[in-house]
Amino acid sequence: MALVFRHSAVVRVTHWVNVLCLVVLLMSGMQIYNAHAALYWGKDSHFETPLFQLPARQTEDGEETRAFPYWLTLPGYHDLATGRRWHLFFAWVFVLNGLVYLASGIASGHFRRDLVPTRPQLRHIGASIVEHLRFRFPKGEEAKQYNVLQKIAYLKVIFLLLPIIVLAGFNMSPALNAAFPWLLELFGGRQSARTIHFVAANFIVLFFLVHVAMVIVSGLWNNLRSMITGRYAIEEKRED
Amino acid sequence: MKTDRRRFLASIAALGLAGCEALSTQDWVLKLLGVGEWLNYRLHRLLIPDGKLAREYGEADISPWFKPNGADDIPDPDYQALVKRNFEGWKLEIGGLVEKPLQLSLAELRALPSRTQITRHDCVEGWSCIGKWQGVPLGALLKQAGLSPKANFIVFHCADLHGSDQAPYYESIDLVDAFHPQTILAYQMNGQPLPVAHGAPLRLRVERQLGYKMAKYVMKVEAVESFAELGEGKGGYWEDRGYDWYAGI
């Protein structure tokens, strides 16, 4: 067993700030969704033919609702105004935190060094998938770098999913629509942008679930410690 | 040991949830969260040219049904009487910090140069509808009345009363939006006189902000230095109930 230094201070701090931001954004986002619990495609809302609605259920008062339950939202009762406040404040924290992470990742070479898959890794991607499915994780020298599947997942979240959700969020601003009409066209209109924002949020939840599951099965305390103190224990590879 | 840890984690989670609840009602928290609104307002005013137009759509894009929100009628007998006689005798007042206060009838407003625009209306709830609006540019009216250099905001006083305390609807915008070419007092919607459900006789259009800024049933336009003395002092009916004054996002 050897302790190696795995995560820089910037990565660790921005990681936890990001966790806080995404939790608040998700919960307040559901509050905002509940104000009009239907999604549409295109420029405007065709109320008779929504693209998506949650299944109807009964509230405690016996009313029918298609909203998220309020114990999931922020605040934990119907309050769109305060939900928007949480959302629009933490959107700023999220974006600024993300910019710090990106700038440091580029400047320090973290992305190039640690996130871009190496050629040998890409060649053995099939074997990696099989090992993951059998819940067998790299040990020894191999465990010092991110696994190829891990790298691809992180790259997609950092450079695809999160930018999409931010831009889709921008597109819900009528002022930014006036400033950047081409951006709205790119997303197919304001109601499409709202739908894409919602779908992207679901993908973040999916990533979160898989991420936490992998953290748990590949060594919960070791992983947690590495994201708090930076130090990660490498298990010796046994030749058997 | 295990159960202790589990109980500890559960109490942390419960504390977190209760904390969020408690935080959402704290004045200082709401003020701190309001920094987001301030940043959005400042950044938008800095980055977006003052006269930059909102996207305008074609006739074919007009929504088959435009959802009326907030008040869709006013039970007040005086208002009902005005509706019955097609707002004959009604006058829009323009006052406050202006050189010559104006009183304009609907016919006089209709005789002024107008602007017609097909724009998207975005409700704070999340839905959007596209409609065609015709009306008098607010900037032209303010020029005619001679806006005082002391004026910072334009306030719209409306005929509709809301909530259990029957508070009057009002709204306010800054001078950038007041003089924006698409900011009009609309008397026509989709080629017809503005229906009661959409704010007859006159509704404000502020195309780069959300729907709640676009006051319906406008009776009086007032130029002010500050809106601190109006309503609860936040600049609008919904603002007094926690919504952002700047609704550009």
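Restricting attention to segment B:217-231, and to residues there that are of a type outside the set (A, V, I, L, M) and within 18 Å of residue B:152 (Cα to Cα), which single residue is nearest to the other protein chains (Cβ to nearest Cβ)? Write out each step before concluding.
Applying the first criterion (of a type outside the set (A, V, I, L, M)) to segment B:217-231 yields B:217, B:220, B:222, B:225-227, B:229, B:231.
With within 18 Å of residue B:152 (Cα to Cα) added as a condition, the list becomes B:220, B:222, B:225-227, B:229, B:231.
Numbers: B:220: 26, B:222: 24, B:225: 25, B:226: 22, B:227: 18, B:229: 22, B:231: 15 Å.
So the residue we want is B:231.
Only one of A:129, A:106, A:152 is buried (at least 16 other Cβ atoms within 10 Å of the Cβ), away from chain B (no Cβ under 14 Å) and either assigned to a helix (DSSP H, G or I) or among the hydrophobic types (A, V, I, L, M, F, W, C) (or both). Can you tell me which?
None of the other options fit; the residue is A:152.
Need the failing condition index for residue A:40 against (1) within 10 Å of chain B (Cβ to nearest Cβ); (2) hydroxyl-bearing (Ser, Thr, Tyr); (3) under 29 Å from residue A:96 (Cα atoms), just the number.
Every condition holds for residue A:40 apart from (3).
Check whether at least one residue in segment A:184-191 is away from chain B (no Cβ under 14 Å), in a helix (DSSP H, G or I) and among the acidic types (Asp, Glu), and report yes or no. Don't jump to the end; show me each part of the working.
Taking segment A:184-191 and keeping what is away from chain B (no Cβ under 14 Å), we get none.
No, every residue in segment A:184-191 fails to be away from chain B (no Cβ under 14 Å), in a helix (DSSP H, G or I) and among the acidic types (Asp, Glu).
Output the number of residues of segment A:30-74 satisfying the condition of being in contact with an Asp or Glu (Cβ under 8 Å, 6 or more places away or on another chain) and of a type in the set (A, V, I, L, M, F, W, C).
Adding up the residues that qualify gives 2.
Within segment B:53-72, track down each residue that is exposed (fewer than 15 other Cβ atoms within 10 Å of the Cβ) and either within 21 Å of the chain's Cα centre (by Cα) or assigned to a loop (DSSP other than H, G, I, E, B) (or both).
Hits for segment B:53-72 are B:58, B:64, B:65, B:72.
Given the criterion β-branched (Val, Ile, Thr), in contact with a Phe, Trp or Tyr (Cβ under 6 Å, 6 or more places away or on another chain) and closer than 26 Å to residue A:40 by Cα, identify the matching residue among A:199, A:157, A:166.
One residue alone meets the criteria, A:157.
Which pairs do you get when a residue that is within 11 Å of another protein chain (Cβ to nearest Cβ), found in segment A:46-63, comes within reach of a residue that is surrounded by fewer than 10 Cβ atoms within 10 Å (Cβ to Cβ) and outside any loop (DSSP other than H, G, I, E, B), reach meaning Cβ atoms under 7 angstrom, with the pair 6+ apart or on two chains?
Sorted first by the residue in segment A:46-63, then by its partner, the list stays empty.
Has segment A:12-23 got at least one residue that is more than 13 Å from chain B (Cβ to nearest Cβ), among the hydrophobic types (A, V, I, L, M, F, W, C), in contact (Cβ under 8 Å) with a residue 24 or more places away in the chain and farther than 30 Å from residue A:236 by Cα? It would help to see each step written out before you state the result.
Of all residues in segment A:12-23, those more than 13 Å from chain B (Cβ to nearest Cβ) come to A:12-18, A:22.
With among the hydrophobic types (A, V, I, L, M, F, W, C) added as a condition, the list becomes A:13, A:16-17, A:22.
Keeping just the survivors that are in contact (Cβ under 8 Å) with a residue 24 or more places away in the chain gives A:16-17, A:22.
Next, from what is left, pick out any that are farther than 30 Å from residue A:236 by Cα: A:17, A:22.
Looking through segment A:12-23, at least one residue is more than 13 Å from chain B (Cβ to nearest Cβ), among the hydrophobic types (A, V, I, L, M, F, W, C), in contact (Cβ under 8 Å) with a residue 24 or more places away in the chain and farther than 30 Å from residue A:236 by Cα.
Name the residues in segment B:193-213 that are closer than 20 Å to residue B:155 by Cβ and either basic (Lys, Arg) or outside any loop (DSSP other than H, G, I, E, B) (or both), would you?
Once the filter is applied, which keeps residues that are closer than 20 Å to residue B:155 by Cβ and either basic (Lys, Arg) or outside any loop (DSSP other than H, G, I, E, B) (or both), segment B:193-213 yields B:203, B:204, B:205, B:208, B:211, B:212, B:213.
Just a yes or no: is a residue in segment A:145-161 touching a strand residue (DSSP E or B) at 6+ places or on another chain (Cβ under 8 Å) and at pLDDT below 95?
Within segment A:145-161, none of the residues are touching a strand residue (DSSP E or B) at 6+ places or on another chain (Cβ under 8 Å) and at pLDDT below 95.
Out of B:220, B:216, which single residue is assigned to a loop (DSSP other than H, G, I, E, B), in contact with a strand residue (DSSP E or B) (Cβ under 6 Å, 6 or more places away or on another chain) and on the phi < 0 side of the Ramachandran plot?
B:216
Checking residue A:30 against (1) under 25 Å from residue A:186 (Cβ atoms); (2) more than 10 Å from chain B (Cβ to nearest Cβ); (3) not in a loop (DSSP other than H, G, I, E, B), which single condition isn't satisfied?
Only one criterion is unmet by residue A:30, namely (1).
So which of A:216, A:164 is surrounded by fewer than 13 Cβ atoms within 10 Å (Cβ to Cβ) and part of a helix (DSSP H, G or I)?
Sole residue among the options that is surrounded by fewer than 13 Cβ atoms within 10 Å (Cβ to Cβ) and part of a helix (DSSP H, G or I): A:216.
So which residues in segment B:86-105 are part of a loop (DSSP other than H, G, I, E, B) and among the polar types (S, T, N, Q), if there are any at all?
B:86
Checking residue A:198 against (1) under 24 Å from residue A:102 (Cβ atoms); (2) surrounded by 14 or more Cβ atoms within 10 Å (Cβ to Cβ), only one condition comes out false. Which one?
Unmet condition: (1).
Find the strands (runs of 3 or more DSSP E) located wholly in segment B:106-192 whose residues include 3 or more that are within 14 Å of chain A (Cβ to nearest Cβ), and list them.
Numbers: elements: B:115-122, B:128-137, B:153-162, B:167-174, B:184-189.
Those strands (runs of 3 or more DSSP E) span B:115-122, B:128-137.
The values are calculated or read from the model by the stated rules, or taken from the named source; none is laboratory data. These numbers come from a predicted model, not from an experiment. All Cβ positions, glycine included, derive from the backbone under ideal geometry; neighbour counts span all protein chains shown.
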